[in-house]
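Data first, discussion second: the structure below is written as structure tokens.
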Amino acid sequence: MHSKKPFLSTLFVLFVAFGLVACTHQEKQVKSDTIRICDENGCADRPKDYASFQPEPAMSAEDAAKIKALEELAANDPRAAYDLALRFFRADGVRQDTYKSIKWMRESAEKGNFDAQKALGRVYLTGLGEMGSDPGEAEKWLSITASKGDKEANTLLKEAVKARQSEQADYQWRRRWQQVFYNNWYSGYRYNWYWGTGRWYLY
């Protein structure tokens, strides 16, 4: 009489193997429906249709109409251009936009607005947003406001002059030594290893 044990053992092994294949297939299917997202909080599997971008709310019709009216005023009135620049910087009734803020501030300053000229001097001295500092441009605007007797502008002007001179000195130093250092990469630094008879040797 044949024992049923080998048959049951074989059946059990087949059942386990089938289960593992099914699980693997299911895991692959789950993984194919997800994507790995990593951010400052760590990494996690998310559904493929997951969206982390959250757009800023659109401007209300009332705010849009107000800003449009202010832009129309700003085209001819440097005080309105100055106000518009501040609003774009502060995100007051509009989305923050440092590029537009500087554009309108320059528009106002070029038409003689003292506050805009002084603000531009500060902006160019320290930089704003993605814009780096520009001591030469800062000196230009602060010279105008300092000449009108503004004490703070006079103090900032001294800083702008120092920053411009330092920047020029740095440029001259780099220009003088850059070629020397560049040439050193070819002749001034020695290799540690050399190739010979099919292998590398240490000097």
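Could you tell me whether segment 131-152 includes any residue that is closer than 30 Å to ALA58 by Cα and touching a residue at least 12 places away in the same chain (Cβ under 8 Å)? Within segment 131-152, one or more residues are closer than 30 Å to ALA58 by Cα and touching a residue at least 12 places away in the same chain (Cβ under 8 Å). Cβ-Cβ below 6 Å, separation at least six or inter-chain, first residue in segment 112-128 and free of Cβ contacts under 8 Å to residues at least 40 places away in the same chain, second β-branched (Val, Ile, Thr) and open to solvent by 20 Å² or more (accessible area, probe 1.4 Å): which pairs? Partner pairs satisfying both residue conditions: GLN117/ILE144; LEU128/THR98. Within this structure, ALA85 passes the test of being within 25 Å of the chain's Cα centre (by Cα), modelled with pLDDT of 90 or more and open to solvent by less than 30 Å² (accessible area, probe 1.4 Å). Against the definition (of a type in the set (Val, Ile, Thr) and at pLDDT below 85), how does VAL161 come out, yes or no? No.
Condition check ((1) aromatic (Phe, Trp, Tyr); (2) open to solvent by less than 100 Å² (accessible area, probe 1.4 Å)) across all residues:
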site	(1), (2)
LYS162	no, no
ASP170	no, yes
TRP177	yes, yes
PHE181	yes, yes
ASN184	no, yes
ARG190	no, no
TRP193	yes, no
GLY198	no, yes
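Only residues that are open to solvent by less than 90 Å² (accessible area, probe 1.4 Å) and either without any contact (Cβ under 8 Å) to a residue 12 or more places away in the chain or in contact with a Gly (Cβ under 9 Å, 6 or more places away or on another chain) (or both) were counted across segment 90-102, and they come to 6.
The number of residues in segment 123-158 being out of contact with any Ser or Thr (no Cβ under 9 Å at 6 or more places or on another chain), under 16 Å from TYR99 (Cβ atoms) and loosely packed, with under 13 Cβ neighbours inside 10 Å comes to 1. Counting the residues of segment 106-122 that are under 23 Å from the mean Cα position of the chain (by Cα), open to solvent by 60 Å² or more (accessible area, probe 1.4 Å) and not charged (D, E, K, R) gives 0.
The values are calculated or read from the model by the stated rules, or taken from the named source; none is laboratory data. Quick caveat, the model's predicted, so the values are computed rather than measured. Neighbour counts are summed over all protein chains in view; Cβ atoms, including those assigned to glycine, are modelled from backbone coordinates with ideal geometry. Heads up: the accessible areas ignore ligands, DNA and RNA and are worked out on the full protein's heavy atoms, side chains in. Shrake-Rupley method; radii C 1.70, N 1.55, O 1.52, S 1.80 Å.
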